[in-house]
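Novice: Handing you this structure, nothing more for now.
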């Protein structure tokens, strides 16, 4: 069971192990952290992981119980600037490897892949993160694009690739995340924008399954137009296409059998020497309202996964959207403490470590059922997270039963509730006192 004490011990152990080989993760290994100081490698990592959304000075005071010996903000900035972002990336993966617990659906892990934009300070221009708007009146803006694979049943991040917004390529990242995946067999679930023959076949070659929503059959840019024709109703059809780099008259005349792949479309499993590839998939279309349909491309077996199963699996994908909201607002990723790109990447990994740490505790808590309650209840993640972070950063004194304290923070589960989605433009939280 993932109790607070167990997970804290695992996290502390892995931080100590990184500290033992800290020179690997330092910008200048010959001189960084070679002298005894208050802010050594291990302490600096812990501070970055446990920081909240206040100014650097306020956070340091809280982390040191308002001691007169609290390090200055300048000393902290100098210390963290010595550490490569790879230190936090390594810690993220090591902590996951030691604490992950498989939760399966029909023998599969459910892994959602999606991305979100993280606006950052735009006073620093670089080709990776700075997006130049075409409109004359629009100002350039800077952002990172977080591409994550997320375990929908364990509620934790499995892997992440950070790209600059100006250089993002979600289809390429999808293939990378699939290729890097080393866990038990999984179903990779993604929304529109991730559909590509290349991505589908990367999943197939990995021995896993995919379930990806595509544009409806009436869309001019829908993949389903090249896989049809399909009936204008619900359907569940097996599809075969011979993908090819050739574009002869025969290929053009037999579009129901062949699919020409242009040189601009990336496909890793064909070449001039071998310009043919057999592609098989299952196309599913189902109604979600009187006049609205969703289309899914998958390689799940019809015998084991019905249309109702497909609907339920795609519905679960919303969990990764919820996790991005928790990451940005509950955990505070949208309130960064630096302009420097390397230090921002430190905070991204640190917040994801903290998210996984907290979710593994929250998901292990069992809330007793009571007959008089109208709804089932779940742990209030935001309140629970603040409790867990407080005691994770606590240096001494008696620690109360944190698991029991967290279990008291609950919310009712109200099924089938929906609100109109309030879409607003994204912007960086610009507080001057946050930055170095």
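The values are calculated or read from the model by the stated rules, or taken from the named source; none is laboratory data. Fair warning: this is a prediction, and the values are worked out from it, not measured in the lab. Heads up, the Cβs are rebuilt from the backbone with ideal geometry, glycines too, and the neighbour counts pull from every protein chain shown.
Novice: Can you tell me how many residues within the stretch 112-144 are under 23 Å from the mean Cα position of the chain (by Cα) and either assigned to a strand (DSSP E or B) or exposed (fewer than 11 other Cβ atoms within 10 Å of the Cβ) (or both)?
Specialist: 15
Novice: Given the criteria closer than 29 Å to residue 386 by Cα and without any contact (Cβ under 8 Å) to a residue 12 or more places away in the chain, does residue 18 qualify?
Specialist: no
Novice: Let me confirm something: among 34, 3, which residue is at pLDDT below 95, more than 17 Å from residue 395 (Cβ to Cβ), surrounded by fewer than 20 Cβ atoms within 10 Å (Cβ to Cβ) and over 26 Å from the mean Cα position of the chain (by Cα)?
Specialist: Exactly one of 34, 3 is at pLDDT below 95, more than 17 Å from residue 395 (Cβ to Cβ), surrounded by fewer than 20 Cβ atoms within 10 Å (Cβ to Cβ) and over 26 Å from the mean Cα position of the chain (by Cα), namely 34.
Novice: Separate question: Please go through the stretch 133-155 and give me each residue that is in contact (Cβ under 8 Å) with a residue 12 or more places away in the chain and either in contact with a helix residue (DSSP H, G or I) (Cβ under 6 Å, 6 or more places away or on another chain) or over 30 Å from residue 365 (Cα atoms) (or both), ordered by number. First the steps, then the outcome.
Specialist: Kept after step one, since they are in contact (Cβ under 8 Å) with a residue 12 or more places away in the chain, are these residues of the stretch 133-155: 139-155.
Correct list: 139, 140, 141, 142, 143, 144, 145, 147, 149, 150, 152, 155.
Novice: Something else now. Among what's in the stretch 365-385 and is assigned to a helix (DSSP H, G or I) and free of Cβ contacts under 8 Å to residues at least 40 places away in the same chain, pick the residue that is surrounded by the fewest Cβ atoms within 10 Å (Cβ to Cβ).
Specialist: Result: 383.
Novice: Do we have residue 297 as surrounded by 11 or more Cβ atoms within 10 Å (Cβ to Cβ), in contact with a strand residue (DSSP E or B) (Cβ under 9 Å, 6 or more places away or on another chain) and either closer than 22 Å to residue 311 by Cβ or touching a residue at least 60 places away in the same chain (Cβ under 8 Å) (or both) here?
Specialist: For residue 297, the condition - surrounded by 11 or more Cβ atoms within 10 Å (Cβ to Cβ), in contact with a strand residue (DSSP E or B) (Cβ under 9 Å, 6 or more places away or on another chain) and either closer than 22 Å to residue 311 by Cβ or touching a residue at least 60 places away in the same chain (Cβ under 8 Å) (or both) - is met.
Novice: In this structure, does residue 147 turn out to be exposed (fewer than 13 other Cβ atoms within 10 Å of the Cβ) and not in a loop (DSSP other than H, G, I, E, B)?
Specialist: On the way: exposed (fewer than 13 other Cβ atoms within 10 Å of the Cβ): no; not in a loop (DSSP other than H, G, I, E, B): yes.
Considered against the rule, which asks whether it is exposed (fewer than 13 other Cβ atoms within 10 Å of the Cβ) and not in a loop (DSSP other than H, G, I, E, B), residue 147 comes out as no.
Novice: Only residues that are in contact with a helix residue (DSSP H, G or I) (Cβ under 6 Å, 6 or more places away or on another chain), farther than 18 Å from residue 349 by Cα and in a loop (DSSP other than H, G, I, E, B): list them for the stretch 38-70, please.
Specialist: Across the stretch 38-70, the qualifying residues are 39, 55, 70.
Novice: Here's another thing I want to ask about it. Could you tell me whether any residue of the stretch 94-111 is surrounded by fewer than 20 Cβ atoms within 10 Å (Cβ to Cβ), touching a helix residue (DSSP H, G or I) at 6+ places or on another chain (Cβ under 9 Å) and assigned to a strand (DSSP E or B)?
Specialist: yes
Novice: Please return the ranges of helices (runs of 4 or more DSSP H) entirely within the stretch 234-332 where 1 or more residues are modelled with pLDDT of 95 or more. Explain how you work it out, then say what you get.
Specialist: Numbers: elements: 249-253, 307-316, 318-325.
Counting at least 1 such residues, we get 307-316, 318-325.
Novice: Which ones in the stretch 187-200 are in a loop (DSSP other than H, G, I, E, B) and touching a residue at least 24 places away in the same chain (Cβ under 8 Å)?
Specialist: Step one: of the stretch 187-200, the residues in a loop (DSSP other than H, G, I, E, B) are 191-196.
Passing the criteria: 191, 194, 195, 196.
Novice: Same structure, new question: Going residue by residue through the stretch 201-215, is there one that turns out to be surrounded by fewer than 18 Cβ atoms within 10 Å (Cβ to Cβ), in contact (Cβ under 8 Å) with a residue 24 or more places away in the chain and in a helix (DSSP H, G or I)?
Specialist: Looking for residues that are surrounded by fewer than 18 Cβ atoms within 10 Å (Cβ to Cβ), in contact (Cβ under 8 Å) with a residue 24 or more places away in the chain and in a helix (DSSP H, G or I), one finds at least one in the stretch 201-215, hence yes.
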